[in-house]
Amino acid sequence: MTPDLSTLKPQRPSLYRLAADGHSLDFFFTHCPACQGLSFPANAPGCMHCGHPTDAAMQVVRPGGGTLLEYVTLHVALVPGMQAPSIAGDIRIAEQVVEEGVIAVDDESRLQPGMALRAVAVPSASAGTYGCQFVPAQEAMR
Ligand SMILES: [Zn+2]
């Protein structure tokens, strides 16, 4: 029933990869040697907090996930291939780093601001790849 995600490729290989559990995602960050901040995406030109130059040697891998800040149910597909309705949220994936993500729950009543989310791999419609969605952290445990 569960597809073997390890045979698929990430849609955004510069942002994330499949974690060791074969289900959740690890995110790539840049760890700034000047201010100790994490920047995302890792290939950004310089630290997003203090502007210090960064390079590939400063890349670190952290479990993908974070804190749900706010969310909204979208009733139209904003991009081709997007399911509607779907729930989009702002997720704080590291200190002072907020990204938008799709939250894979069928009803936003299961969500609340401040809850922990985990990034998981979701097979995408285009063959051979997976994308990134978020689920409540306790549901990511298996
Ligand atoms: Zn910095």
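None of the figures in this text is laboratory data; all of them are computed from the coordinates on show. Note that the coordinates shown come from a computational prediction; the quantities given were computed from them, not determined experimentally. Virtual Cβ from ideal backbone geometry, glycine too; neighbours counted across all protein chains shown.
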- Just how large is the dipole of the chain about the Cα centre, in debye to the nearest 20, putting +1 at every Lys and Arg Cβ and -1 at every Asp and Glu Cβ? 300 debye
- Note on the structure: Checking rank on 59-68, 95-104, with mean other Cβ inside 10 Å and highest first, the result is 59-68, 95-104
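Starting from the Cα-Cα distance between Asp107 and Val72, subtract it from 0.36 nm times their residue separation and give me the gain in nm to one decimal. Could you put the intermediate results ahead of the total?
Numbers: separation 35, 0.36 × 35 = 12.60 nm, distance 1.06 nm.
Contour length minus Cα-Cα distance gives 11.5 nm.
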- Note on the structure: Note on the stretch 71-114: alpha-carbon gyration tensor, axes a ≥ b ≥ c; rule is a/c under 1.5 for rounded, else prolate if a/b larger than b/c, else oblate; result oblate
- Query: Roughly what would the spin-label model give for Val61 and Cys35, points 7 Å off Cα along C-beta, in nm?
  - Reply: 2.7 nm
- Query: Which residues in the stretch 99-121 place their backbone N less than 16 Å from a point set 7 Å from the Cα of Gln11 along the Cα-to-Cβ direction?
  - Reply: 100-105, 119-121
